[in-house]
Structure formats: structure tokens, C-alpha cells
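See below for the structure under consideration.
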Amino acid sequence: MTTADVNAIEEAVAQPVASAQVAPQIALEQYYGEAGPDYAAWSREFNMHFGYYRAGANPLHRESMLEQMNAEVLARLHLDDIAEPRLLDLGCGLGATLRSFARRLPHARLLGLTRVPWQVEHAHALNHAAGCGERVRVIQADYEDTILPRTSYDGAYCCRGFCKSGTLSPTAEISTCYALSLWTH
């Protein structure tokens, strides 16, 4: 290879590729509206988060690990002294974590926020089918811009939604996707 060849390659690499096409961005609402039904393959309860592995658990039983994550979230909210807790799920998807909490907390009032109309409609049907439609509500709202008063809930959590918010840097998104965000009374 000659010096001229090396220079030509370096110039080509150094110049931005003008003809490269950027993949079109789709909105979060469109993504979950289209991909949402596929989550049934991930979880029969429509959990849209990752599971929690405990020593001795079978890592091939995904649904039990997903349910264990719900139990871990609930335990970390420290609600033992509250007879009728009010909880807020920020980015609730189809409300699987809310329904899990409803089974464990029969007197709780549970509200989930999602920006995706398809999720609101299907969560409503799933909540009624599970027998908790009166205590579990899912509404279309953006948790980054809500009118809900801060003091109206005993606890709030987000299992995955922050990594889809678009307001975090890529590094923060990655770490937040693996972190569990909680706020308690």
C-alpha cells in the first residue's frame, strides 16, 4: 500500500458520510402501540420489566422472577404501617405490577400512568378480568408533566419507564434501566 493509498483511506474515514441514512425515530406511543401485544410472549401477566433472581430460584422460570421483582418493589416501599396505601406507578405499561400489588394489598388504591392509549385500554380490561378494576386505575398521562399533587400518594415507583423518557443522557438511561426508582411517604 502506498502513502497515497493510506492518505486516501484516512481522508475517506475522516469525512462524515453524507449519504448515510438515519433510521427514523418513532414515538414511544407508537412503539408500544405496535410492540405491546408482543409482551404477552415475555409475560402472561404483561410484566414489561426485568425479573429478580434470588439464590435457589430457577432462572428459566421467567414469570416467577418477574413476580419476584414486583414483590421486591413492594417490600422496598415500606407500607406495613399504612392500612389503605395509595400507590402511583410511573410508566405502568399494562398495569401488571399494579395488579400484583392489588393481590397483596386488598385495601390499596393503585394508580398507573402511561402515555400509550393502547396500554390504557388493555390495562382496563386486564384489571377487570383480574377482579381488581375498582381499585386499580390506569390513565393516560405523562409522569414528567402531571397535575397530581405530590402528597396524594404514600409511595411511587418506576420499574422501567425512566429509560424511555428521553430526558436522560444515554449513560444515565442505561444505569436507570437497571436501577429501581422509589419514592415513599
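The values are calculated or read from the model by the stated rules, or taken from the named source; none is laboratory data. Given the structure is predicted, the values throughout are model-derived calculations rather than measurements. Methodologically, a virtual Cβ is constructed for each residue, glycine included, from the backbone with ideal geometry; neighbour enumeration extends over all protein chains shown.
Structure above, values below:
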read-out	value
Residue selected from the range 110-149 under the condition of a type in the set (D, E, K, R) and surrounded by fewer than 18 Cβ atoms within 10 Å (Cβ to Cβ), by the criterion nearest to Y32 (Cα to Cα)	E121
Unique match (being of a type in the set (D, E), in contact with an Asp or Glu (Cβ under 8 Å, 6 or more places away or on another chain) and either closer than 28 Å to A41 by Cβ or not in a loop (DSSP other than H, G, I, E, B) (or both)) among E72, E63	E63
Test result for G95, of a type outside the set (A, V, I, L, M, F, W, C), surrounded by 13 or more Cβ atoms within 10 Å (Cβ to Cβ) and at pLDDT 90 or above	yes
Counted residues, the range 99-154 - those being out of contact with any Asp or Glu (no Cβ under 6 Å at 6 or more places or on another chain), basic (K, R) and part of a loop (DSSP other than H, G, I, E, B)	1
Sole residue being over 22 Å from the mean Cα position of the chain (by Cα) and either over 26 Å from D142 (Cα atoms) or at pLDDT 75 or above (or both), chosen from A71, A27, A14, A41	A14
So C159, is it surrounded by 14 or more Cβ atoms within 10 Å (Cβ to Cβ), under 14 Å from the mean Cα position of the chain (by Cα), at pLDDT below 95 and closer than 20 Å to L77 by Cβ	yes
